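The next block holds one structure in the form of structure tokens; read it before the comments.
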Amino acid sequence: MKYLKAALVGVVQGMTEFLPVSSSGHLTILSRLGVCPTSLFFNLALHLATLAALLVRMRREVWELMRHPIRDGKYILLSSVPTVVVAFLLKKCFPEVLTGALLGFGFLLTAAFLTLSEVLRRDSKGRTLDGKIALMTGVAQGIAVLPGVSRSGSTIAVLTTCGVEGEKAARFSFLLSVPIIVGGFLLEGIESGFSASGADAGEIAVAAVAAFLSGLAAVRFMFGRIKKGLKPFIPYTFLIGVLCYFLP
């Protein structure tokens, strides 16, 4: 049974990391239901698996970033600055919100982001990404440290609302997650001493493979879905946000 639970958690992590529905929110729900293991090392392994999936799916874009870090990576760096600032302030000033105290509100905020994006996306004229948009996207990504607030959903919503074409918005959003995932992995790992305490090697392996495969599928799905908009995810995040208020 524990391996089945590990596979379930891995699939949920891989899918929700890139779908606009909040991976942290879903893992918090699974944790409250007693499904998700509490090992920090387990969580770190899941993040590495989803990062690997993204690097495999977007290997050409990542390679171009490595070849031309200034030309192609300047807006990723610029967006990361407000992300770090907002996330740091939330962690230091309101640490309780990072544990899911506002879980329902987080999902409802995601629904609001997606709704705003859908209402205004018809005015999109293929605007080119610039510094102002990058900073706004970084702020949205910082707010997404709150469980229930989707990182991909909030960043894509900001980008498309500002006029960036859907596929380009998704591409930038996913590339923007690379330094965030790496940074989160290192920060959590350093704080825990990269301890494997409480981790079961078999569970970790099963969950990581599941997260990797589902992450690949999610990224591919999103590139096809973004052209049609993200409207189906609005009622989903709204309903799950309401249901969160009835969780133990």
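List of remarks:
- Inspection of segment 48-58 identifies at least one residue that is at pLDDT 90 or above and not in a helix (DSSP H, G or I).
- Verdict on Ala205 being crowded, with 17+ Cβ neighbours inside 10 Å, out of contact with any Asp or Glu (no Cβ under 6 Å at 6 or more places or on another chain) and either part of a helix (DSSP H, G or I) or at pLDDT 90 or above (or both): no
- In the condition set (1) in a loop (DSSP other than H, G, I, E, B); (2) in contact (Cβ under 8 Å) with a residue 40 or more places away in the chain, Phe41 is compliant with all but (1).
- Residues of segment 48-88 satisfying the condition of being over 19 Å from the mean Cα position of the chain (by Cα) and touching a residue at least 24 places away in the same chain (Cβ under 8 Å): Leu65
- Conditions (1) out of contact with any helix residue (DSSP H, G or I) (no Cβ under 6 Å at 6 or more places or on another chain); (2) part of a loop (DSSP other than H, G, I, E, B): number failed by Cys36: (1)
- Scanning segment 28-41 for residues that are farther than 20 Å from Ala140 by Cβ and surrounded by fewer than 23 Cβ atoms within 10 Å (Cβ to Cβ) yields Ile29, Leu30, Ser31, Arg32, Leu33, Gly34, Val35, Pro37, Thr38, Ser39, Leu40, Phe41.
- One residue from Ile156, Ile181 being crowded, with 16+ Cβ neighbours inside 10 Å and modelled with pLDDT under 90: Ile181
The values are calculated or read from the model by the stated rules, or taken from the named source; none is laboratory data. These numbers come from a predicted model, not from an experiment. All Cβ positions, glycine included, derive from the backbone under ideal geometry; neighbour counts span all protein chains shown.
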